[in-house]
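In what follows, a single structure is set out as structure tokens and then discussed.
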Amino acid sequence: MSAPQPTHRDLSAGAPLWLLAELTYRCPLQCPYCSNPLDFAAHRNELTTAEWVETMRQARAMGAVQLGFSGGEPLVRDDLETLVAEARQLGFYTNLITSALGLDEARITALRDAGLDHIQISLQAGDAEVAAAVAGSPKAHARKLAMARAVKAAGYPMVLNVVLHRHNIDDLDAIIALCDDLGADAVELANCQMYGWAQLNRAGLLPSRAQLEAAEATTARWRERLAARGRDMRLLFVVPDYYAERPKACMGGWGAIFMTVAPDGAVLPCHSARELPMTFPNVRDQSLAAIWYDSDAFNRFRGEAWMPRPCRDCDERHQDYGGCRCQAYLLTGDPAATDPVCALSPQHALIEDAREEAERAGRGGGELVMRNRRESQVFCRE
Amino acid sequence: MNDASVYTLRPGWRLQWEQAQERHVLLYPEGMVQLNASAGAVLELLDGERDVGAVIAALRERFPEGEGLEDDVREFLAEALAQGWIREREAP
Ligand code: SF4
Ligand code: SF4
């Protein structure tokens, strides 16, 4: 018998603060950068209303206070209002992360009555044509704009999220103007990170350095303009990992503050982790507390003992925890490797190659595989 | 800022006592500010009715010995305003 592994209780006393409830993988859109797993079509056995309520109750009892409802498209679940009401009752701050498809005035009112705190709507582009090409739906854009206005009118704080990539980043000026026009309180300009479908479509999505720099300049100009007008609209620009010198502190550390529950009840340290060659525990089999504190999966990358060189001896290891495990695995095949985004990683050349590829590719980039059930079947291992 | 100003939390933001953390937290879209005891005590009093003077009076009653309390409260509210946590209530 081997010595007992140190658990999270020994490594740090932290309880989870964030629960991301991925209610379903179903979605009417087909974004080619979707962070859902490639084989999402294999996971069809969604948690029931009662199972979600019990999951939320346990998470809240452990100390989680922020709750995100996402997916897929969470509005596909017709028990969403019930779940929101339960969550609010439990004391969660409730965020709905949605494409706005499936939303209408009646539902906005019902969600409001249920106690929903915040609705975040994703936009694909500044104009309908690019949006249609990106999301694989011709009518979605107009619908989103109408719903964004309705959400604002209902008195919600309005946060818009735009995923940036090589096909829409040059239109950033128009995108920000649109968000301003919609009355947004905050805009997340999130450069596409390369997981899930995005990694598959990387050649067609990664912007060139020149595109990225122009986008940063546009954002800075807008910040000045907004400030001059006294307009309070925060612009949060998230640089793509591939152009950073250091990796991000992914999820604030593995199993440190964040947990995702996938549609079928699998519990993950982040929404991409399902891609890792690991088995994740399920709320159908174990309590959340047992999973969070004692499972092999959640303890695997806690602390520092797992770290390879150069992270192990690096002064920055408490800032970035060695970067993202999913990225390390997707690029190197080893989930315990230093994130190649780091300039100190022995495999950093993988990132440099991808950047070079982005320089060479034309504006069109490669062909994009749309995220839908048919394409997903290809990745199902059954 | 004068003592007749009335401040409220930014719309959609919520102040809440978290037993697990043994402190007040300020919750907002996808985020949280963890407050120390005095910040929690001040924000708790912003009910949309009390003006700054009344907030100070209420705290004075609770902490009769508190030295420099008035200035601390005004300073904290100015900071909270700059951070965007609170807003001046629009005239009714
Ligand atoms: S990224 Fe697009 S396809 Fe994926 S869940 Fe969100 S809206 Fe649906
Ligand atoms: S070597 Fe590891 S710990 Fe150091 S900066 Fe790079 S990723 Fe972070």
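Data table
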{"item": "Segment A:ALA228-A:ALA142, extension gain: residue separation times 0.36 nm, minus the distance between their alpha carbons", "result": "28.0 nm"}
{"item": "Sites A:ASP173 and A:ASP353, calculated FRET efficiency, Cβ-Cβ separation with R0 30 Å, nearest 0.05", "result": "0.45"}
{"item": "Computed [θ] at 222 nm, deg cm²/dmol, chain A (DSSP H ≥ 4; -39,500 (n - 2.57); rounded to nearest 500)", "result": "-10500 deg cm²/dmol"}
{"item": "Shape of the range B:41-92, Cα gyration tensor, a/c cut at 1.5", "result": "oblate"}
{"item": "At least 18 Å along the helix axis (C-alpha) and Kyte average at least -1.0, DSSP helices within chain A", "result": "A:49-62, A:140-153, A:209-229"}
{"item": "Relative contact order computed over chain A (Cα-Cα under 8 Å; 6+ residues apart), in percent", "result": "21 percent"}
{"item": "Probe 1.4 Å, all protein chains present, accessible-area order of A:THR332, A:THR219, largest first", "result": "A:THR332, A:THR219"}
{"item": "Of the GluC sites (Glu not before Pro) in the range B:1-47, those whose Cβ has at most 13 other Cβ within 10 Å and which sit in DSSP loop", "result": "B:GLU22"}
{"item": "Residues whose placed amide H lies under 5 Å from that of A:LEU235, excluding near-sequence neighbours", "result": "A:VAL187"}
{"item": "Solvent exposure ordering (accessible area, 1.4 Å, most first) of A:HIS118, A:HIS43", "result": "A:HIS43, A:HIS118"}
{"item": "Fraction of accessible area attributable to carbon and sulfur, the protein assembly as shown (%, probe 1.4 Å)", "result": "51 percent"}
{"item": "Solvent-accessible area buried by B and A, counting both chains, probe 1.4 angstrom, square angstrom", "result": "1400 Å²"}
{"item": "Global geometry of the range A:80-122, whether rounded, prolate or oblate, following the gyration tensor of its Cα atoms and the 1.5 cut on a/c", "result": "oblate"}
{"item": "Rounded to the nearest 10 Å², the accessible area of A:GLU216 at probe 1.4 Å", "result": "70 Å²"}
{"item": "Debye, to nearest 20: dipole size of the range B:1-77, +1 on Lys, Arg Cβ, -1 on Asp, Glu Cβ", "result": "280 debye"}
{"item": "For the range A:256-333: accessible area per residue (Å², 1.4 Å)", "result": "39 Å²"}
{"item": "Burial order of peptide ranges A:29-36, A:318-325, B:50-57 (average beta-carbon count within 10 Å, highest first)", "result": "A:29-36, A:318-325, B:50-57"}
{"item": "Heavy-atom accessible area per residue - chain B, 1.4 Å, Å²", "result": "56 Å²"}
{"item": "Delta accessible area of at least 50 Å² on complex formation, residues of the range A:58-72, 1.4 Å probe, chain isolated as reference", "result": "A:VAL65, A:GLN66"}
{"item": "Residues whose placed amide H lies under 5 Å from that of B:ARG23, excluding near-sequence neighbours", "result": "B:GLU18"}
{"item": "Reachable lysines, given that their alpha-carbon falls under 22 Å from the alpha-carbon of A:LYS152 and they are not under 8 places away in the same chain", "result": "A:LYS139, A:LYS144"}
{"item": "Residues of the range A:218-252 with amide N under 13 Å of the 7 Å Cα→Cβ point at A:GLN319", "result": "A:245-249"}
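The values are calculated or read from the model by the stated rules, or taken from the named source; none is laboratory data. The shown structure was predicted, so the numbers you read here are calculated from the model rather than taken from an experiment. Neighbour counts are summed over all protein chains in view; Cβ atoms, including those assigned to glycine, are modelled from backbone coordinates with ideal geometry. Please note that ligands, DNA and RNA were not included when accessible areas were found on the heavy atoms of the full protein model with its side chains. Shrake-Rupley method; radii C 1.70, N 1.55, O 1.52, S 1.80 Å.
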